[in-house]
Amino acid sequence: MDTIMIRGLRVYAYHGVKEEEKRKGQPFVLDIDVKADMKTACESDCIDDAINYSDVTKCVIATMLAEKNDLIERAAERVAQAILAAFPAQEVTVTLKKPRAPVGADFDYMAVSIARRRAV
């Protein structure tokens, strides 16, 4: 299986348990792996045969902004399901990082990583 990788996609969104997080928003960073058979695109060199990573990026941003979730787990799930619904991917892994989580400690980011497969 081939992989399209999107790394460090920054989205300002409104997720979090605290009401202030949903009101003010904060930055989120996503790393996404989209697994699909890319043999046809590799041979044809035609964008119409590929999963366009620009379109995947637009889908991810729209999904992150469409709702305000308490948990980053839920936001990551929504992103994974949106990608599987919109593109001919077999599997997607979404790592959603929250670099400004209000936990009262010094850290790089808090994150979840989920992997979802297309139902067979």
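The values are calculated or read from the model by the stated rules, or taken from the named source; none is laboratory data. Note that the coordinates shown come from a computational prediction; the quantities given were computed from them, not determined experimentally. Every residue, glycine among them, receives a Cβ derived from its backbone with ideal geometry; neighbour counts consider all protein chains shown. Accessible surface is based on the protein model in full, side chains and every heavy atom, while ligands, DNA and RNA are left aside. Shrake-Rupley method; radii C 1.70, N 1.55, O 1.52, S 1.80 Å.
Quick one: is VAL112 in contact (Cβ under 8 Å) with a residue 40 or more places away in the chain and either assigned to a loop (DSSP other than H, G, I, E, B) or open to solvent by less than 40 Å² (accessible area, probe 1.4 Å) (or both)? Before the answer, list the steps.
Values: in contact (Cβ under 8 Å) with a residue 40 or more places away in the chain: yes; either assigned to a loop (DSSP other than H, G, I, E, B) or open to solvent by less than 40 Å² (accessible area, probe 1.4 Å) (or both): yes.
Considered against the rule, which asks whether it is in contact (Cβ under 8 Å) with a residue 40 or more places away in the chain and either assigned to a loop (DSSP other than H, G, I, E, B) or open to solvent by less than 40 Å² (accessible area, probe 1.4 Å) (or both), VAL112 comes out as yes.
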Among the residues of the range 72-84, write down those that are touching a Ser or Thr at 6+ places or on another chain (Cβ under 6 Å) and either part of a strand (DSSP E or B) or buried (at least 20 other Cβ atoms within 10 Å of the Cβ) (or both).
VAL79
If a residue must be assigned to a loop (DSSP other than H, G, I, E, B), more than 16 Å from THR3 (Cβ to Cβ) and acidic (Asp, Glu), how many such residues does the range 35-55 contain?
1
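Take the residues of the range 10-30 that are assigned to a strand (DSSP E or B) and touching a residue at least 24 places away in the same chain (Cβ under 8 Å): which is nearest to ALA76 (Cα to Cα)?
LEU30
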The listed residue being free of Cβ contacts under 8 Å to residues at least 24 places away in the same chain and either in contact with a Phe, Trp or Tyr (Cβ under 9 Å, 6 or more places away or on another chain) or of a type outside the set (Ser, Thr, Tyr) (or both), out of ASP70, ASP33, ASP55, ASP49
ASP49
Pick from the range 48-84, criterion under 20 Å from GLN26 (Cβ atoms) and polar (S, T, N, Q), ranking: farthest from the chain's Cα centre (by Cα)
ASN69
Just checking, which of ASN52, ASN69 is modelled with pLDDT of 95 or more, polar (S, T, N, Q) and surrounded by fewer than 15 Cβ atoms within 10 Å (Cβ to Cβ)?
ASN52
Which of the residues that make up the range 85-109 are farther than 19 Å from VAL60 by Cβ and either open to solvent by less than 70 Å² (accessible area, probe 1.4 Å) or within 16 Å of the chain's Cα centre (by Cα) (or both)?
ALA101, PRO102, ALA105, PHE107
If CYS46 passes every condition in (1) within 28 Å of LYS22 (Cβ to Cβ); (2) open to solvent by 30 Å² or more (accessible area, probe 1.4 Å); (3) of a type in the set (A, V, I, L, M, F, W, C) but one, which one does it miss?
(1)
List every residue pair whose Cβ atoms lie under 7 Å apart, where the two residues are 6 or more positions apart in sequence or sit on different chains, the first residue falls within the range 78-90 and is touching a residue at least 12 places away in the same chain (Cβ under 8 Å) and more than 12 Å from ASP55 (Cα to Cα), and the second residue, located anywhere, is open to solvent by less than 60 Å² (accessible area, probe 1.4 Å) and of a type in the set (Gly, Ala, Ser).
PRO88/ALA36; ALA89/ALA36; GLN90/ALA36
